[in-house]
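Colleague: Below: one structure in C-alpha cells.
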Amino acid sequence: MEYLILGLLMLSPMTGYEIQQFIKRNLSLICSYSGGSLQTTLNRLHREGRISAQESRLGGRRKKTFSITPQGKEMFIRWVEKPVDIGRMWNSELSRLLFMGLAEPEKRLEAIRGYIRKIQQTQCVLEQLRELYKWAQAQFPEQQDDVRRFQGYALEYGIAAVEFERNWYEQLLKTMEEQE
C-alpha cells in the first residue's frame, strides 16, 4: 500500500479521500484496501517523513492534502527500479486449488465455474479500461509520457494474464467434467 500511495503522490498531491477514490475507481482489480489501512499508511509515511501534509479548510471541513517529500521520492524510485519479485505475483487462489480434492466433486465443479465467471467479469472490465485508455491517448496525445506508456503496459499484462487464466481454468473444468 505504501508504494501505491507514494506513486500516486509522485503524480500529484492528493487528499486521503482522493487517494481512496482513485484506488476504488481505477485500481480495485489489482489491489485491495480499506479506508483504515489507507489512513494508517498515510500516518506512518507522514511520521517517517516520506510525505508531508498541508491542512486547509473548505467550508467547515478540514482538508489534509498530502505531497511526497524528497525522502519519499527516493524510497519510491529505489523500489520501482528493482526487478519484480515473482514470489509476490503468485495467485493466492492457487492454495484453494491445491486442496480442492478435499471438496465434494459437484462443489469442486461449482467453484471452478464460479471462478471462471469472475475471471470473465474481470476480463470485461479490463477490456473496457483498454478502450478508455485508447480514447485518452487519442484525446490527449501530448500526454504520451513514460508514466502513461507504462500504465498501458500494466493494463496489457493484466489482460494477457486474465486471458491465460480463463483459458487454463476452462481447460481444467473440461478435464474435471470428463473425469467426474
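The values are calculated or read from the model by the stated rules, or taken from the named source; none is laboratory data. Keep in mind that what you see is a predicted model, and the values were worked out from it rather than measured. Cβ coordinates were reconstructed from backbone atoms using ideal geometry, including for glycine residues, and neighbour counts include every protein chain displayed. Ligands, DNA and RNA are excluded from the accessible area calculation, which covers all protein heavy atoms including side chains. Shrake-Rupley method; radii C 1.70, N 1.55, O 1.52, S 1.80 Å.
Colleague: Quick query: amide H of T69 versus all other amide H atoms, modeled in the peptide plane; which residues come in under 5 Å with a sequence gap of 5 or more or a different chain?
Modeller: I51, S52
Colleague: How large is the accessible surface of T41 in square angstrom, using a 1.4 angstrom probe and rounding to the nearest 10?
Modeller: 10
Colleague: For a paramagnetic label modelled at 7 Å from the Cα of S67 toward its Cβ, which residues of region 12-27 fall within the zone defined by backbone nitrogen distances under 12 Å?
Modeller: Within reach of a label on S67: 12-14.
Colleague: For the chain, what is one quarter of the convex hull surface built on the Cα atoms, given in nm²?
Modeller: Mean projected area of the Cα convex hull: 13.9 nm².
Colleague: Compare the Cα positions of L45, I77, M176 along the charge dipole of the chain (+1 at Cβ of Lys, Arg; -1 at Cβ of Asp, Glu; about the Cα centre) and return the one farthest towards the positive end.
Modeller: The Cα lying farthest towards the positive end belongs to L45.
Colleague: Please give the charge dipole size of the chain, origin at the Cα centre, charges +1 on K and R Cβ atoms and -1 on D and E Cβ atoms. Round to the nearest 20 debye.
Modeller: In debye, rounded to 20, the chain gives about 1020.
Colleague: Given a 1.4 Å probe and every protein chain left where it sits, what share in percent of the accessible area of the chain is carbon and sulfur?
Modeller: The value for the chain is 55 percent carbon and sulfur by accessible area.
Colleague: Can you give the calculated 222 nm mean residue ellipticity of the chain, where each DSSP H run of n ≥ 4 adds -39,500 (n - 2.57) and the sum is split over every residue, rounded to the nearest 500 deg cm²/dmol?
Modeller: That calculation yields -21500 deg cm²/dmol at 222 nm.
Colleague: Follow-up question, since we're still on this one. Taking H as built 1.01 Å from N, whose amide H comes closer than 5 Å to the amide H of M14, not counting residues under 5 places away?
Modeller: Placed amide hydrogens put F66 under 5 Å from M14.
Colleague: Enter the accessible area of M1 (Å², nearest 10), with the probe set to 1.4 Å and all protein chains included.
Modeller: Roughly 70 Å² of M1 is accessible to a 1.4 Å probe.
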